[in-house]
Amino acid sequence: MDITQLLSVEHKVILRQVHYLEKLMKVTRSEKTVCCLREMTMLIADTVQRHSSLEDKFLFPEIGRYFNEEKNFIAMMEFEHGEILGIMPVLENADDPKLVRKEIENFIKSLRSHFLKEETSYFPYAKKKLGVNRLRVLGNKAIKI
Ligand SMILES: [Fe+2]
Ligand SMILES: [Fe+2]
């Protein structure tokens, strides 16, 4: 399987989880649900962490190795991974319901923007430059992890 296809499917899975998280955010304003929102977000963030590590390990170095001019873009994507996953230590220690909600809203916003960038610009670029066969080799390595 082409690694960009695999990663795009994972985006869909993660965004479906985010959809339920947003639903829960809307239907409940009670302070008692904060721990539930936090737990749900931590589970999603855990999936995002695994997903990002596949990109960091298989796709970004491959692009960087072949195309020196792409190093800035890769650095930006890696920076965004750090920014998105930065919510994990914050949520672990946050008890203030308003802060928890604010952090979750930022997490969702950053995640959507990051996925969109990858799907509309980065993945098509990788496909064009590396070719489907190379992306399949990388995909086969990634699914074994
Ligand atoms: Fe990413
Ligand atoms: Fe991604």
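Each value in this text was obtained by applying a stated rule to the coordinates, not by laboratory testing. All figures in this text were calculated on a predicted structure; none of them were measured in a lab. Backbone-built Cβ (ideal geometry, glycine too); neighbour counts: all protein chains shown.
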Percent of all Cα-Cα pairs per 10 Å bin for the stretch 49-123, counting from 0 up to the last occupied bin, reads 17, 46, 25, 11, 2
At most 14 other Cβ atoms within 10 Å and a DSSP loop assignment: could you name the trypsin sites (Lys or Arg not before Pro) in the stretch 111-145 that fit? LYS144
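Would you mind calculating the relative contact order of the chain from Cα pairs under 8 angstrom and at least 6 residues apart, reporting the percent as a whole number?
On the way: 83 pairs, mean separation 69.2, N = 145.
Once normalised by length, the contact order is 48 percent.
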Net dipole in debye of the chain [+1 Lys, Arg Cβ; -1 Asp, Glu Cβ; about Cα centre; nearest 20]: 520
Strictly over 30 Å apart at the Cα level, which of LYS71/LYS98; LYS23/LYS144; LYS23/LYS117; LYS12/LYS98; LYS23/LYS127; LYS71/LYS141 would you flag in this model? LYS71/LYS98; LYS23/LYS144; LYS23/LYS127
Taking the chain as a Gaussian network, Cα atoms linked when under 10 Å apart, which of ASP56, ASP96, ASP46 shows the biggest mean-square fluctuation? ASP96
With a cap of 16 neighbouring Cβ atoms within 10 Å, and only residues DSSP puts in a loop, list the chymotrypsin sites (Phe, Trp or Tyr not before Pro) found in the stretch 1-109. PHE67
Please report how far the C-alpha centroid of the stretch 75-145 lies from that of the stretch 3-69, rounded to the nearest whole angstrom. 6
